[in-house]
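> Questions regarding the structure given below will be posed in turn.
The values are calculated or read from the model by the stated rules, or taken from the named source; none is laboratory data. Model, not experiment: these values are computed from the prediction. No Cβ is skipped: glycine too gets one built from the backbone with ideal geometry, and neighbour counts run over all protein chains shown.
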Amino acid sequence: MALTSTGVGAPVRETFESPGARAWRRLKKRRTAMVALVLLVLLALLAIFAPFIATHDPTQQSWRAVRQAPSLTHWFGSDEVGRDIFSRVVYGTRASLSAGVISVAIAIVAGVPLGLLAGYVGGWTDALISRVTDAMLACPFLILAIALAAFLGPSLQNAMIAIGITATPVFVRLTRGQVLSIKTEDYVEAARAVGNTRLRIAWKHILPNVMPQLLVQGTLTIATAIIAEASLSFLGLGQQPPAPSWGSMLNVAQRFLSNAPWMAIFPGIAIFITVLSFNLFGDGLRDALDPKAK
Amino acid sequence: MFTLITKRLIQLIPTIFFVSVLIFLLQQLLPGDPALVMAGEEKDPEVIEQIRKRYRLDQPLPIQYLAWIGGVFQGDLGESMRLSEPVSTLVAQKLPVTIQLAVMAMIFTLGIGIPAGIISAVKKDTAWDYVVNVVALWGISTPNFWLGIMLIFLFSVQLGWLPASGYVSPFEDFWASMAATIMPAFVLGNSFAGVIMRHTRAAMLQVMESDYVRTARAKGLDERTVILKHGLRNALTPVITLGALEFGTLLSGAVLTEQIFSIPGFGKLIVDAVFNRDYAVVQGVVLVTATTYIVLNLLADIGYILANPRLRT
């Protein structure tokens, strides 16, 4: 609580609102972002409690249930070796969400310190980091991720590393840009004047101000990373069979389109809903964190 | 203007240098000795030694890099181990196919994205705006390989209207070529249409609030002229710049689209190379794609400078 004087009459009591609380208040007003948040929480619960939600073992084959249409036993039908598609879609949430979150975490952990360093130190360090970032951004995202995943070897873990490395320059550039605009602000000058070390200024004064943009970019990049993981798995460079992943399920489904279209429909809808939720939530977050917005 | 363009050209040199280093270093990521991988199953010591000599793997990294980049400058991107053909020949064969696909996708992207963006901006906060935004989000969030599979299911399996896969050159049979590429081009252009729509909408909203649009309205011009002549012409500059950049991204998106529709283009070349551990091809394709992207970026910048009178002096 803070007391401010209007200059006339009695002082007016004004409530202080932290930036986090303000962003949450604004976010709550955006219905689509809130729907997306609910969907994301549901997807996370689906991933965590997959063993309790799945109706079958996702890798259990059954020759008596090959390519069965959706029914009460197999809600989303069954695949070419009789595995339950609903259970595979539920377990696939784990691969997709973890790939999205972990690869973006890799990109943030690698990209943010590099961006801070480039923006804050400047000079040759900045020139070197910026040129390498430009070079990486010049290679199309998916092609670089495919090349990296191919050279590292096909596995979900390597796909996450490949996507993480590929997404790193986005965070380097974003952080550097923010640092350049923040470092001349009065409060940073003041922190420097009272003798704070460069590291402390970067950590305590600059990083917290870069956080809102990082949060928005991180959320939107998770959406891109999920599509990238599904793409790599579709090409056989991500999650390896028989472990379920939406991308690899679509790859197999392509061969049975004429007699078992459900094999392609449900994993695709799962990717769509997940990516859409991250995109909608990211958009809402951007609006809520925008200082110019009401 | 010339100073600006020269400055951009000079900035390209370190970027291209780092791209080449990055692509060269990709091979170093290979687990184990690349010569062992290239020698195949038998691992004959003599063959391994030959491979080491031939690809200069017995020499220090900087020497290997210089030899590789020296070859690249002479148009030698190495040789495909699987097809025993120069990578540059393979690139020259496959690139036109992908460019045809990308150009057609671009027509879809701009043809859908720009009008949708205008409608959304002009009819801001109406049902039109809402519908266009939903469609854009749908485009951005749909993985294009899934959309491809669903379109094959609908138009090829169910209706039998279009071929599910394959490619025909437009110089052989124009209409057969269109039939074979219309679905992949739509799939490829779909997600970018959403991006272009959002940018057109943002640019139009900004332009429509500017002083010269207000003046045009005050002069009594009809709304159609104001929107198309005064608004759109100015809003399009950043959109076209973005379009040039997206063209580079389309090359990347073509990887999966070509895989689904079995189109023998650039994307299929890299995927086949990846699975056959044909590393020279992977490096060559990434290098060509990155260079194309850099050149398009430069052209977009020059276009922007030329289109913007304030930067032209």
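> Checking residue B:26 against (1) closer than 30 Å to residue B:295 by Cβ; (2) modelled with pLDDT of 80 or more; (3) among the aliphatic types (A, V, I, L, M), which test does it fail?
Against the list (1) closer than 30 Å to residue B:295 by Cβ; (2) modelled with pLDDT of 80 or more; (3) among the aliphatic types (A, V, I, L, M), residue B:26 comes up short only on (2).
> I've got another one for you. Among the numbered criteria (1) in contact (Cβ under 8 Å) with a residue 60 or more places away in the chain; (2) more than 28 Å from residue A:255 (Cβ to Cβ); (3) under 26 Å from the mean Cα position of the chain (by Cα), which one does residue B:134 miss?
So residue B:134 meets the others, but not (1).
> Tell me, which helices (runs of 4 or more DSSP H) lie completely within region A:175-268 with 1 or more residues that are touching a residue at least 12 places away in the same chain (Cβ under 8 Å) and within 30 Å of residue A:39 (Cα to Cα)?
A:207-234, A:246-253
> Within region B:226-246, is even one residue over 26 Å from residue B:302 (Cβ atoms) and within 15 Å of the chain's Cα centre (by Cα)?
Checking region B:226-246: not a single residue is over 26 Å from residue B:302 (Cβ atoms) and within 15 Å of the chain's Cα centre (by Cα).
> Filter region A:271-294 down to residues that are in contact with a helix residue (DSSP H, G or I) (Cβ under 6 Å, 6 or more places away or on another chain), surrounded by fewer than 23 Cβ atoms within 10 Å (Cβ to Cβ) and more than 8 Å from every other protein chain (Cβ to nearest Cβ) and give me whichever is modelled with the highest pLDDT.
That would be A:282.
> Among the residues of region A:180-191, are any among the hydroxyl-bearing types (Ser, Thr, Tyr), more than 13 Å from every other protein chain (Cβ to nearest Cβ) and crowded, with 22+ Cβ neighbours inside 10 Å?
no
> Just to be sure before I move on: is residue B:140 within 14 Å of another protein chain (Cβ to nearest Cβ), within 29 Å of residue A:274 (Cβ to Cβ) and surrounded by fewer than 24 Cβ atoms within 10 Å (Cβ to Cβ) in the structure I sent?
yes
To keep it simple, each residue is scored yes or no on (1) within 14 Å of chain B (Cβ to nearest Cβ); (2) free of Cβ contacts under 8 Å to residues at least 12 places away in the same chain.
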residue: A:68; (1), (2): no, no
residue: A:81; (1), (2): no, no
residue: A:98; (1), (2): no, no
residue: A:127; (1), (2): yes, yes
residue: A:145; (1), (2): yes, no
residue: A:155; (1), (2): yes, no
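> Another one. So, in region B:48-97, of the ones that are surrounded by fewer than 18 Cβ atoms within 10 Å (Cβ to Cβ) and among the small types (Gly, Ala, Ser), which residue ends up nearest to residue B:17 (Cα to Cα)?
It comes out as B:70.
Matching residues to (1) assigned to a helix (DSSP H, G or I); (2) within 30 Å of residue B:205 (Cα to Cα):
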position	(1), (2)
B:77	no, no
B:99	yes, no
B:109	yes, yes
B:113	yes, yes
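> Oh, and also: Taking the criterion of being outside any helix (DSSP H, G or I), within 14 Å of chain A (Cβ to nearest Cβ) and not hydroxyl-bearing (Ser, Thr, Tyr), would at least one residue in region B:143-150 satisfy it?
Looking for residues that are outside any helix (DSSP H, G or I), within 14 Å of chain A (Cβ to nearest Cβ) and not hydroxyl-bearing (Ser, Thr, Tyr), one finds at least one in region B:143-150, hence yes.
> Could you pull out the residue among B:253, B:248 that is farther than 25 Å from residue B:162 by Cα and at pLDDT below 85?
B:248
> Answer with yes or no whether residue B:257 is in a helix (DSSP H, G or I) and under 18 Å from residue B:15 (Cβ atoms).
no
> Restricting to region A:89-147, name every residue that is crowded, with 19+ Cβ neighbours inside 10 Å and not in a helix (DSSP H, G or I).
Listed by number, the residues that qualify are A:139, A:140.
For (1) at pLDDT below 90; (2) more than 13 Å from chain B (Cβ to nearest Cβ); (3) under 19 Å from residue A:101 (Cα atoms), each residue gets a yes or a no:
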{"site": "A:171", "(1), (2), (3)": "no, yes, yes"}
{"site": "A:194", "(1), (2), (3)": "yes, yes, no"}
{"site": "A:227", "(1), (2), (3)": "no, no, yes"}
{"site": "A:238", "(1), (2), (3)": "yes, no, yes"}
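> How do the pairs read when you match residues in region B:249-268 that are over 21 Å from residue B:196 (Cβ atoms) and at the interface with chain A (Cβ under 9 Å from one of its Cβ atoms) with residues anywhere that are of a type outside the set (A, V, I, L, M, F, W, C) and not in a helix (DSSP H, G or I), using Cβ under 9 Å and keeping only pairs 6 or more apart or on different chains?
B:260/B:165
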